[in-house]
1. How would B:M176, A:M12, A:M65 line up from fewest to most surrounding beta-carbon atoms within 10 angstrom?
2. Label A:M67 and A:V145 with points 7 Å out from Cα along Cα→Cβ: what is the distance between them in nm?
3. Springs between alpha-carbon pairs under 10 angstrom, Gaussian network model over chain B: which of B:A319, B:A104, B:A152 fluctuates most?
4. What are the aspartates and glutamates whose alpha-carbon lies under 19 Å from the alpha-carbon of B:K168, with same-chain residues fewer than 8 places away excluded?
5. By count of other Cβ within 10 Å, fewest leading, how are A:S69, B:S62 ordered?
6. Whole angstrom only: what separates the Cα centroid of the range A:2-27 from the Cα centroid of the range B:71-107?
7. Would you mind computing, in nm to one decimal, how far apart the modelled labels at A:A252 and A:V116 are, each placed 7 Å from Cα along Cα→Cβ?
8. Based on other C-beta atoms within 10 Å, arrange B:V269, B:V101 from fewest to most.
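Please treat every number below as a calculation from the coordinates, not as lab data. Everything numeric in this text was worked out from a predicted model, so none of it was measured. Neighbour counts are summed over all protein chains in view; Cβ atoms, including those assigned to glycine, are modelled from backbone coordinates with ideal geometry.
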Amino acid sequence: MSALTTIAALTMREALRRRLIAALAVICLALVGLSSWGFYRLSHGSSMTSGEVNGALPTAFILFMFMFSFIAALSASAIASPSVSTEIESGVLQAVVTRPVRRRDVILGKWLGLAVILAVYTVVVVGLQVAVVRAVSGFMPPQPVTAAAYLFGEGAVLLTLVLLLSTRLSALAAGVAGVALFGIAWLAGVVGGLGEAFNIPALHTASQVSQYIVPTDGLWHGAIFYLEPASYLSLQLSEAGDRGSPFFAAAAPSWGYLAWAGVWFVLVLALSVASFERREL
Amino acid sequence: MSPASSAEPQAAPHAGQDAGPQAGARPGPHGDGGPQGPPSPAVHAVELRKHYRRTVALAGLSMTVGRGEVFGFLGPNGAGKTTAVKLLLGLSRPTSGEAMVLGAPAGDRETRRQIGYLPELFRFQSWLTAREVLTLHGRLLGLARSRQAAAAADALDTVGLAGRGDDKVGTFSKGMQQRLGLGVALLGEPALVILDEPTSALDPVGRHQVRAVIRGLRDRGATVFLNTHLLEEAEHVCDRVTVINKGRCLATGTLSELRGRQSSVRLRVTGLSDRWWQTLTAGGRWSAEGDWVRGQDLPPGQIPDLVAAVVARGGRVEAVVPEQASLEASFLKLLGES
């Protein structure tokens, strides 16, 4: 087992031992249970027509997915923020990096461990939610696997960013900064949509820039797109167009944007490694 | 990022590689100086300086620690001891100067395989058991999987935690965590063990056990670098010590050298006139203390001659109490001078 995989396994074991995964599981099971009741009521016994129900189900599904993505982002920020700074402050990392391991393996191992936790969370939550909603309402999003991949990407962006901040800032500062950036990026997406709808190019440009700096919102819109059935998509476009709703996506992210997201991960991870290697302990 | 700016120093050049103009002057990596040369020192520091903005933590520290020595690194709190240890381990970069550890640049990754380190802040993952902490470090050290469990058990036994191996570290007292830290430092039979204040949290029994561990390390030929402000600790186990203060080396030598060659004596003499000592030619400083007379700063080996001189003058020597300056007195004197 290499130092990188040893650190990754240690990170995952810590999440299990500290009952982080148990807490996430309880919250998500409760939310999936709540959503199953809501979807059942929506599809059975509501006063809406079948057409209205068919329009409401994807919207409700996307809203629940947003909630799960928000929990994932907050959790990613919470678990990544102390992963370096707190261990430096407590002296735990000094004992590790004086072993014959590369500092980059410590950072990449921690990132890998946290990313695996996030991936498991995403797969379980999306899988459960899709299965339960299909069972109680018959609604099935068109491409749940692709959507789950985008949701994972969104959480991984925040995780990676907070890990970078954690190499220099305290756990509290890194966590708060990470969540604030996530919120700002989401708001920038809304503002950009409004700028497009009301033809204000400056707002649209600002939104585009923010989507490149912190690609959480861009990836979230990718997830939305793959949760929208074709009938729902055409209905929304014909009725309202893309008016900057944070819960609607008219198109999938471009390949260029996805390539940038990949570059972004590499750049931020490289910065994290460089920052930790240069840090005096 | 350039290698020179990294806090993680790069590996020493290996044989056949271009090591620059100083290559011939340096001993081989991790090494013993090659087949012809003498073993490289365990630690060799030249003019190490470390500044934190305006604060000078180390102001040109030079020292050499031989292989197999138990070396005491003494100094008051804030003297720069831990800073020096961090530089030797590659946790920090020197502002200037150079340090070689086991023949390789300080912090060299492969050399760290041969170094055991007990940090001053000995914290381990509180959610792991003591055995899991040791196994983790065995894995990071690169011990074969088949050896990890046995190495962990041996370390637990050595530091007196054999019955607590499966307890969570979070339930341990500070002293038990320090014992665990010592066990971690002993994993893999390191050639150099750096102990930063290893007994600060231990009771007298624990301190006694740590001394036994240090003597055991010396017996198997390992070098021990003992960073401490406890003089008693150094007196018990160290072959040689360096005293530092304000980031500067004040003195280096064996304990007896540090105490000073000059000695003192207390005498009780009858049958001679008052202030009889003024007729002696032994030198030193003399003073009366009731029935006793004290001679200080006497040249080495003077006491027998002194007694003979008193007897030759017709005096009766009722009692002779030789006194050697304590390490503490020498230490305080050095700090006062600094």
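1. Working: B:M176 20, A:M12 17, A:M65 25.
The fewest-first ordering by Cβ neighbours comes to A:M12, B:M176, A:M65.
2. Result: 2.8 nm between the two label points.
3. Judging by the Gaussian network model, the answer is B:A319.
4. A:E14, A:E87, B:E132, B:D154, B:D157
5. Numbers: A:S69 25, B:S62 16.
Final ranking by Cβ density, sparse to dense: B:S62, A:S69.
6. The range A:2-27 and the range B:71-107 have Cα centres spaced 35 Å from each other.
7. 2.9 nm
8. Numbers: B:V269 20, B:V101 31.
Lowest count first: B:V269, B:V101.
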